[in-house]
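All remarks here apply to the structure that follows.
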Amino acid sequence: MTFSTSAEQFDTDAGDDPEVADAVSAHPVFANAPRSVGFNKLRKRLIRQVRQAIADFDMLKGQKRWLVGLSGGKDSYGLLALLLDLKWRGLLPVDLVACNLDQGQPNFPKHVLPDYLSSIGVPHRIEYRDTYSVVTEKVPQGATYCSLCSRLRRGNLYRIAREEGCEALVLGHHREDILETFFMNFFHGGRLSAMPAKLLNDEGDLMVLRPLAYAAEEDLARFAAAMQFPIIPCDLCGSQDGLQRNAMKEMLAGIEAKMPGRKDAMLRALAHVDPSHLLDPKLFDFSSLSPTKDE
């Protein structure tokens, strides 16, 4: 799926709306944001969705310091900007540390992220770990790298979060990521399982948070284009064709095109589960069901 919205598109309805001026005079990350009503509406919608996810899943419970994973893609840039916006406005009482894991991919532009983060005054840590060589050595030719690459990246991010004194690792997964994961598990794994907005890691010492759980990928793409983030493409898994996730993305896009609003309906369904109408006896005690007889 390709998004081509440019920053200029948001400038067509620019005006003297005080709310627009407020949007671009917030955190320095918004210094070059479009001064338009259209962009401000998009920013407000994303902010509202992030706040709703934080509230619904009680993400601030006991949290004082978050490690924000920054890959250099549109979603993680958007996540960081929205969290900075909330913190700037006094609505997010946690310290934020941005972190990029340089995985040793060839031609990775090492200067882009530290230069950008320094320019907007964000505390950050750039960590080098050559997981690229491990992945390319272990994964057979023609197979996809995503699973092993993700596990290695996540393990390093957990370690860094502990070293930085963070209680949570915050990731930029959005609505489509959650739905794609659900259908991958549904079609290929034979189970009903998605990507939780809040998760306790296996060791039990860190939370994994996804504040963009309600945000649409298309909105995040428009937001990134308007903000002119210095996007760094992934040349490892991003260059491989035929990934199962791509197939799920295309399927969902087709459904949404034919029946607009279905993605939001699917996401709502994941939050309204009726175990008694499924087939898992571990979730519902079917054996206890019996008709009531009048004596």
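With a probe of 1.4 Å, find how much accessible area the stretch 155-264 has per residue, and write the answer as a whole number in Å². So the stretch 155-264 comes to 46 Å² accessible per residue, rounded to a whole number. Coordinate range of the alpha-carbon atoms in the stretch 31-277 per principal axis, descending: 49, 48, 37 Å. The length gained by stretching the chain between residue 269 and residue 289 to full extension, at 0.36 nm per residue less their Cα-Cα distance, is 4.7 nm. Among the trypsin sites (Lys or Arg not before Pro) within the stretch 53-110, those in coil by DSSP and having at most 16 neighbouring Cβ atoms inside 10 Å are 61, 64, 89, 110. For the stretch 31-277, the carbon plus sulfur part of the accessible surface works out to 52%, probe radius 1.4 Å.
Taking each residue as 0.36 nm, the span from residue 61 to residue 282 lengthens on full extension beyond its C-alpha to C-alpha distance by 76.7 nm. Full extension of the segment from residue 151 to residue 164, taken as 0.36 nm per residue of separation minus the current Cα-Cα distance, would add 2.7 nm.
Within the stretch 109-125, name every residue whose backbone N is under 15 Å away from a label modeled 7 Å from Cα of residue 95 along the Cβ vector. Counting only backbone N, you get 122-125.
When the listed pairs 41/64; 74/249; 41/198; 44/258; 61/110 are checked against a 25 Å cut-off, the alpha-carbon distance exceeds it for 41/64; 41/198; 44/258; 61/110.
The values are calculated or read from the model by the stated rules, or taken from the named source; none is laboratory data. These figures come from a predicted structure and were not determined experimentally. Heads up, the Cβs are rebuilt from the backbone with ideal geometry, glycines too, and the neighbour counts pull from every protein chain shown. For accessibility, only protein heavy atoms count, side chains too; no ligands or nucleic acids. Shrake-Rupley method; radii C 1.70, N 1.55, O 1.52, S 1.80 Å.
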